[in-house]
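One structure is given below, encoded as C-alpha cells.
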Amino acid sequence: MSAKLLVHICQKSEWKVAQAVGSYRASGMAVDGFIHCSRPEQVLAVANRFYAGVAGLVLLWITPHDLSSEVRWEQADGEIFPHIYGPVNLAAVISVVDFQPDPDGVFRKLPRPEV
C-alpha cells in the first residue's frame, strides 16, 4: 500500500525540538518502536480518539518517498495505518499546520498542507 502523503499529529513543542536537532522522533517511539501516522482521511478519527480537547497540536504532512526511514503499513483497530520505523528526516516534512479542536474539544476540520 502507498499514499501520496502521510500525516502525523504531534505537539508543537515536539516539532520545535525536531527542528533544533535535525530530525523528528515521536515521544512514543521508545515504547512502540515506530512513529504512528495516518492517511489524510484517517486523521480526524485518530485525533478525536486520542487527542480530544488537546491544544497546541500540529500536523506534519510527510512525503513517504522522501523518508530515510522505512514505512510499514500495518493493521491497527481494524484499519491499515502507516508506521515509520525510525526518525523522520526534516526534508520529508513538506508542511506543518496548526491543528486545534473546536471549543467543545472535537476535531472537525482537517487543515490541508501549505505547499
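Okay, here's what the table says:
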quantity: Unmet requirement for residue 82, which otherwise passes all of (1) closer than 13 Å to residue 7 by Cβ; (2) exposed (fewer than 15 other Cβ atoms within 10 Å of the Cβ); (3) not hydrophobic (A, V, I, L, M, F, W, C); calculated: (2)
quantity: Entirely in the range 57-108, the strands (runs of 3 or more DSSP E) that have 2 or more residues that are among the charged types (D, E, K, R) and either farther than 17 Å from residue 14 by Cα or modelled with pLDDT under 95 (or both); calculated: 70-76
quantity: Meets criteria (over 20 Å from residue 107 (Cα atoms), touching a Cys at 6+ places or on another chain (Cβ under 9 Å) and exposed (fewer than 15 other Cβ atoms within 10 Å of the Cβ)) for residue 68; calculated: no
quantity: Looking only at the range 87-115, and only at residues there that are small (Gly, Ala, Ser) and free of Cβ contacts under 8 Å to residues at least 40 places away in the same chain, the one that is surrounded by the most Cβ atoms within 10 Å (Cβ to Cβ); calculated: 92
quantity: Flag for residue 36 being within 15 Å of residue 97 (Cβ to Cβ) and not small (Gly, Ala, Ser); calculated: no
quantity: Subset of the range 31-54 [of a type in the set (A, V, I, L, M, F, W, C), more than 18 Å from residue 112 (Cβ to Cβ) and at pLDDT 95 or above]; calculated: 34, 35, 50, 52, 54
quantity: Filtered residues of the range 1-44 (kept if part of a helix (DSSP H, G or I), charged (D, E, K, R) and closer than 17 Å to residue 61 by Cα); calculated: 12, 14, 16, 41
quantity: Condition broken by residue 72, with the remaining ones in (1) touching a His at 6+ places or on another chain (Cβ under 6 Å); (2) without any contact (Cβ under 8 Å) to a residue 24 or more places away in the chain satisfied; calculated: (2)
quantity: Residue match in the range 70-79 (condition: among the small types (Gly, Ala, Ser) and under 15 Å from the mean Cα position of the chain (by Cα)); calculated: no
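The values are calculated or read from the model by the stated rules, or taken from the named source; none is laboratory data. Owing to the predicted nature of the structure, the values given are computational and were not obtained by experimental measurement. Note that each Cβ is placed from the backbone with ideal geometry, even for glycine, and that neighbours are counted across all protein chains shown.
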